[in-house]
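Below is one structure, written out as structure tokens, with a few remarks after it.
The values are calculated or read from the model by the stated rules, or taken from the named source; none is laboratory data. From a predicted model like this one, the values you see are computed outputs, not experimental measurements. Every residue, glycine among them, receives a Cβ derived from its backbone with ideal geometry; neighbour counts consider all protein chains shown. SASA here: full protein model, heavy atoms, side chains in, ligands and nucleic acids out. Shrake-Rupley method; radii C 1.70, N 1.55, O 1.52, S 1.80 Å.
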Amino acid sequence: MDGRPLFLEPRLEPRLRSLVAATGTLHSLIDALGSPLHMVVPDQIAENLERFRSVYRAHHLSGQVFYAHKANRSSALLRRLAATDAGVDVASLGELQHALGAGFSADRIIATGPKNPEFLWLAARAGVTVGVDGVAELDQLGALVRKHALAPVRVLLRLSGFETSGVRVLSRRSRFGTPVRELEALLEAVERHGDAVEATGAAFHLDTTSVAEKATALEGCLAALEACRSRGLRPRAVDVGGGFGVSYLAEREQWEAYTTALTDAVLGRRPPLAWGGHGYGLRNESGTLRGALGLYPAHRPVAGAAYLDELLAQPAASLGGRPLAGLLLEHLYDLHTEPGRALLDQCGLTLAKVLEVREQENGTENGGELLVRLAAKADDIALEDHGVLMDPVVVPRSGAGPGEGPVAVHLFGSLCLETDLITRRTVFLPRRPVPGDLLAFANTAGYAMDFHATRAQHQPAARKVAAWQDGDGWRWCLDDQFWPITPSGGAQ
Amino acid sequence: MRYDSITEAIGNTPLVRLDPAVHGLRNIDLFAKLEMLNPWGSVKDRAAWSMAGPLLSEAVEHGSQVVELSSGNTAKALAVVAGMHGLGFKSVTNRMRVPEIKDLLLLLGAEIEELPGQSECLDPTATDDPLTLFHRTLSASGSAYLHTDQYFNPRNTEAHLTGTGPEIVKDLDGRVPDWFVACVGTAGSSTGVARALREEDPSVRVVGLVAAKSDFIPGIRTIDEVQEVGLFDPETYDTMESVSADEAIEGMLTLNRRCGILGGPTGGAAYFGAVRHLRALDEELNERRTAVFIVCDRVESYLSYVRQRRPDLLGRPARKNTLADLTEAEVSGAPSVTVADARRWIDSDRPLVVDLRSPFAYAALHIDGSVNIVDELFAELLRGGLPFSRSRPVLLACPVGEQSARYAALLTRMGHAEVRSLTGGIIAWRDAGAPLVRD
């Protein structure tokens, strides 16, 4: 395998595949709006929502799918969702204002995360459900409701530190939520503020890919709700958060070959695969591999709605071994989910123009790889920040490019900083790019688009457009101009 | 054969020649080394005893807990060894995917900790992975733990260098086999045996087997995972080949059904890998040769593993009075009653209300006066016949009215004329504002 290109081709569903193929449209957009440029595809998010809804239906569960707004600040995506039956999970005052302005009514919004007083007031004033972290936040909310004579606020109690009997499932410590060990004190606070808050359920959000950990937490929530009921409260819902994942790559084999090659490279059995011999968390300790691969599992057999389905099928050991979905249903509880990244799967891409293609003066050191400089900063295409390894797609300036074979390149950004690497690894492209070509980074809508963007060095942050299919072609408008009634073709 | 301690029964396992009619090799005698016949059921008994044995008296003095990163057989053997000496045992793992093994370990008094899964949102500032933290905790705590460290402990390899390897040579009347085939987990048995054999005759060829990368075979690591093992040295093996889970199960079935050897999937993988590797070589031969592979453990612990991957192997004949017998037409024609009608019916005819949900959900909220027969139990009851009189009307309720419709259809078929399913279930009942009680 030495020397052969290690491709990591992105998984492209029909809508994104068609957009990447619309070469003329993409180039004219860059000419008009500059590089880099983010594109979102609002219709895809409605399709993704439907996939989650079908899992709900299969288990006969009711409840809400809340889009985690923080994953992308796009108005177009939010407004498209407002036209469906989805909810939105907001984590700041600005996001709450954005959601209300996009057409979400209060009963479709949930406010979570760390909150400042203004955020909490507007949430309470508007009547959205508040996910509370602990007793202090309940006290704060209770005082706010009384002082400003507001109607009682619905709250979901965010819990953490779930425990199991038998096999102990270790979980990373979280700075959010109330440990279940302190549930009694939390419920006492709920009762104390009975005039100001109404506890409608329990919630958790664990940062883990492990289904077992989430199943333990869901089981813990069922037990917590039983404790609520025994106190005469009337809870109705369990919110299992998100973290259902996205499968970024098209081919499992490519991902397996790449990670094996990375192991070999770290152990010195093949040339380095990344700038400066970076090992993505792996290291060589006297011939044995140590550390852990700090990469997003970019090819996943089970992700998104299928992950939720798998979670719901897990048996609850402390409740007779029945599947969690069945228990939720039997207890008449609604299921709330908050997928961010998974709801944005295939919802967008980022374009960057090639400015310079340079051969290394000292070609021996890195195997003659080309240095490719893009009109973009690393924080405009934050795939690397999230450990997602995925090849960009070359969108040639003028039809098909030169007919030569694959090349190894390093992708650099436009900042005057050694660290401004679009990706640390050596990227293999099917042919040598030339200045003026575009590189399309697929599937950046979830966290990799504007989550990290800055205006450092007075370089522009990427602009954003919304695009939709109109017959065989693609139409677009600025993200801010998109509404679900935006005319298509000659319709209006 | 009389022993003073069960630990004396470790080792000296049989080497059994397999019937050529089964494996089809004409010139190669294929032998299975039955490590499954060690007292606790696996090849790991040797390593566990070799690693823990010399440290036990000190551990007893300090009351240390024995700890190991193990998902199965090593943990099992260590749990027994620890228990025999009045010590606790803790297994830390993220790979224990076979429920029977978990249960057996708990039965043996082990404590099990599962490592957290990978972070969904990558944290570039995270200090260390869970395994590194585990090692740090161990070394920081002084003598509170007896860590056997099977992936790095040379006494793991040594158990096979002085035991398993020489036993094979002895049972082959002093000859070294031409091929030795072993699955690679901790690499202890393959490394130890290979070294012992090579010391006698360097011409032995060693085949290491790993799991295909996307597959899970209990006890075997993938080609990447073996790199994390301190005892693993690629020089040990003349060739490394991979085996899929399906192939492991195929091999296991042949051992179980044709050879009378009740080995587990790891042994099955070794058998499959051995025959696959040797087949072409066998055709070129004109003289007799020998090959040995290891059967690591027993099949009994892997029934759920098999059920998940090959449910067809555990198929059973259909039973009477089951939901599976119903046609779609029968289900859609099942007698049902709306919430409003059900409430009137309850008031007028007092039907027996059977709530099919789990006892936990029933205890939380239910229709006043109903009885709770959880659906699995109800299914069992029906196999024996109707559990109540035909003269007593029955209202069946489940969460949304789907399950109850199926049972109503089945009871109708069994001859009950007055059975109804609650349309929309308990959820419709609640949504209609009908009373639910906790008593």
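See the values below:
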{"read-out": "In the A-B interface, the accessible area buried, summed over both sides, Å² (probe 1.4 Å)", "value": "4100"}
{"read-out": "Per residue, the convex hull volume that the Cα atoms of region A:35-150 enclose (Å³)", "value": "120"}
{"read-out": "Label-to-label distance, nm, for residues given as A:Thr25 and A:Ser174 (7 Å Cα→Cβ offset)", "value": "4.0"}
{"read-out": "Helical contribution to [θ] at 222 nm, DSSP H n ≥ 4, -39,500 (n - 2.57), averaged over chain B, rounded to 500", "value": "-10500 deg cm²/dmol"}
{"read-out": "Charge dipole (debye, nearest 20) of the protein assembly as shown; +1 at Cβ of Lys and Arg, -1 at Cβ of Asp and Glu", "value": "1700"}
{"read-out": "Size of region A:1-84 as Cα extents on the principal axes (Å, biggest first)", "value": "50, 42, 23"}
{"read-out": "For region A:252-291, alpha-carbon Rg over 2.2 N^0.38 Å", "value": "1.10"}
{"read-out": "Dipole of region B:181-272, positive direction: furthest Cα of B:Pro265, B:Leu197, B:Ala211, with charges on the beta-carbon", "value": "B:Pro265"}
{"read-out": "Most to least accessible of B:His147, A:His60, A:His410 (protein chains only, probe 1.4 Å)", "value": "A:His60, B:His147, A:His410"}
{"read-out": "Global geometry of the protein assembly as shown, whether rounded, prolate or oblate, following the gyration tensor of its Cα atoms and the 1.5 cut on a/c", "value": "oblate"}
{"read-out": "Chain B: angle of helix B:73-84 to the longest principal axis, Cα-based, in degrees nearest 10", "value": "90"}
{"read-out": "Fully extended contour minus Cα-Cα distance, from B:Thr162 to B:Thr338, at 0.36 nm per residue", "value": "55.8 nm"}
{"read-out": "Within the accessible area of the protein assembly as shown (1.4 Å probe), percent carbon and sulfur", "value": "51"}
{"read-out": "Solvent-accessible area per residue, Å², over the protein assembly as shown with all protein chains present [probe radius 1.4 Å]", "value": "41"}
{"read-out": "Proportion of all alpha-carbon pairs of chain B beyond 42 Å (%)", "value": "38"}
{"read-out": "Förster radius 30 Å - calculated FRET efficiency between B:Arg2 and B:Asp29 (Cβ-Cβ, nearest 0.05)", "value": "0.35"}
{"read-out": "Linear extension gain, B:Leu381 paired with B:Arg258, 0.36 nm per residue minus alpha-carbon span", "value": "40.4 nm"}
{"read-out": "Share of pairwise Cα separations in chain A, more than 37 Å, in percent", "value": "34"}
{"read-out": "Inter-part distance where region A:277-330 and region A:103-178 are each reduced to a Cα centre, Å", "value": "27"}
{"read-out": "Pair B:Arg438, B:Val22: separation of 7 Å Cα→Cβ label points (nm)", "value": "5.9"}
{"read-out": "Degrees between helix B:402-413 axis and first principal axis of chain B (Cα, 0 to 90, nearest 10)", "value": "70"}
{"read-out": "Modelled FRET efficiency - R0 25 Å, A:Gln457 with A:Glu9, Cβ distances, 0.05 increments", "value": "0.15"}
{"read-out": "R0 of 51 Å, Cβ-Cβ distance A:Arg17-B:Asp325: FRET efficiency to nearest 0.05", "value": "0.65"}
{"read-out": "Value of relative contact order over chain A, rounded to a whole percent, pairs C-alpha under 8 Å and six or more apart", "value": "22"}
{"read-out": "Candidates B:Leu382, B:Leu303, B:Leu281, ranked by Gaussian network fluctuation over chain B, Cα under 10 Å, top entry", "value": "B:Leu382"}
{"read-out": "Filter on B:Lys76/B:Lys170; A:Lys377/A:Lys464; A:Lys70/A:Lys115 - keep pairs with C-alpha separation over 18 Å", "value": "B:Lys76/B:Lys170"}
{"read-out": "Top of B:Arg309, B:Arg357, B:Arg276 by mean-square fluctuation, Gaussian network on chain B, Cα under 10 Å", "value": "B:Arg357"}
{"read-out": "Residue-level accessible surface for B:Tyr151, protein heavy atoms, 1.4 Å, Å²", "value": "40"}
{"read-out": "Point-charge dipole on Cβ atoms (K/R +1, D/E -1) for region B:113-267, about Cα centre, debye to 20", "value": "480"}
{"read-out": "Sum of -39500 (n - 2.57) over DSSP H runs of 4+, divided by residues of chain A (222 nm, nearest 500)", "value": "-8500 deg cm²/dmol"}
